[in-house]
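Structure, as C-alpha cells:
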Amino acid sequence: AQARAATKSHQAEALRCDALPGSLAWDLRVLPPNAGAHRTLEAAIEAQPGTPYAVIYALSRTAFVDVYQSALLVPDTRVVLRTDTGALEQDLEAPSWSPAARPALAVVVPSSSSSNNSTTSVAVHLRYQPPRSGGGAVPARAVAAAYLFVPCAEHEGKAARSYRLLEPRNGLPEAEPWAVPVGDTQHRRFVMPVTFACAVAAAAAVVLAACL
C-alpha cells in the first residue's frame with residue numbers, strides 16, 4: 001500500500017510544472033450585491049498575452065452553475081460542467097436534499113487570452129435548503145475550492161498533460177458560508193393546498209382554452 005501511495009505521489013509530482021509560463025496570478029471575488037442565494041463569481045487573471053489557462057470551481061452539492069447565464073456574462077468564454085457521476089449537466093431544479101443534487105466541477109475556458117489582464121465570471125446559485133421550524137436562514141457553502149489551471153511551458157519538456165494548479169491570491173471569497181433563507185415547516189399545511197389548487201386551476205384553464 002505504501003509503495004502504491006509513493007508511486008501515485010511521484011506520478012502527481014511529474015505532472016506539475018517546474019516553472020509557470022511568465023508572471024501569473026489571479027484573484028477571486030463576489031460581485032455585488034454580495035447577498036442572497038444567487039451570486040456572480042469573478043476571476044481576475046494577470047498573465048502574459050497568449051498564456052493558456054482555465055478556471056476550475058469545485059461546487060458542493062448545495063450549489064449549481066447556470067451555464068447559459070454565465071455565457072451572457074462573458075460572451076467570449078465557455079463553461080464546461082462535470083458532476084461526480086460523470087454527467088455533463090446539473091439538475092437546476094433539484095433541492096439540496098435530492099439525490100439529483102451532485103457535487104460538480106465547473107471549468108471556465110476563455111476563447112482567447114490576448115490580454116494580460118482578463119476576467120471571467122460565472123453565475124452561482126444555491127439550491128433550496130430543507131425547511132425548518134421558524135424558517136430564517138441557514139449557512140451553506142457553494143464553492144469548496146477554486147483553482148487556475150495552467151499547462152506547463154513547452155520548454156520544460158514535460159508531457160502535454162502536465163499542469164499547475166494555482167489557488168486565488170486572495171483566497172476563497174466565501175470563506176464565510178452564505179446565508180440562505182429557508183421556509184418554515186409550520187407553513188406546509190397552507191402552502192401545499194394552495195399550490196395544489198393553483199396547479200388544478202392552471203390545468204383547467206389550459207383544457208378550456210383548447211376546447212374553445
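The values are calculated or read from the model by the stated rules, or taken from the named source; none is laboratory data. The shown structure was predicted, so the numbers you read here are calculated from the model rather than taken from an experiment. No Cβ is skipped: glycine too gets one built from the backbone with ideal geometry, and neighbour counts run over all protein chains shown. Just the protein is used for accessible areas: all its heavy atoms, side chains included, with ligands, DNA and RNA removed. Shrake-Rupley method; radii C 1.70, N 1.55, O 1.52, S 1.80 Å.
See the values below:
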{"quantity": "Candidates A146, A137, A101, A94, filtered to the one that is touching a strand residue (DSSP E or B) at 6+ places or on another chain (Cβ under 7 Å), surrounded by 15 or more Cβ atoms within 10 Å (Cβ to Cβ) and either modelled with pLDDT under 80 or of a type in the set (A, V, I, L, M, F, W, C) (or both)", "calculated": "A146"}
{"quantity": "Restricting the range 104-128 to residues that are open to solvent by 30 Å² or more (accessible area, probe 1.4 Å) and assigned to a loop (DSSP other than H, G, I, E, B), the residue that is modelled with the highest pLDDT", "calculated": "Y128"}
{"quantity": "Of residues in the range 82-91 being in contact with a Leu (Cβ under 9 Å, 6 or more places away or on another chain) and exposed (fewer than 14 other Cβ atoms within 10 Å of the Cβ), the one modelled with the lowest pLDDT", "calculated": "A87"}
{"quantity": "Enumeration of residues in the range 115-147 that are aromatic (F, W, Y) and closer than 28 Å to R169 by Cα", "calculated": "Y147"}
{"quantity": "Positions within the range 26-78 being among the polar types (S, T, N, Q) and in a strand (DSSP E or B), in sequence order", "calculated": "T40, T77"}
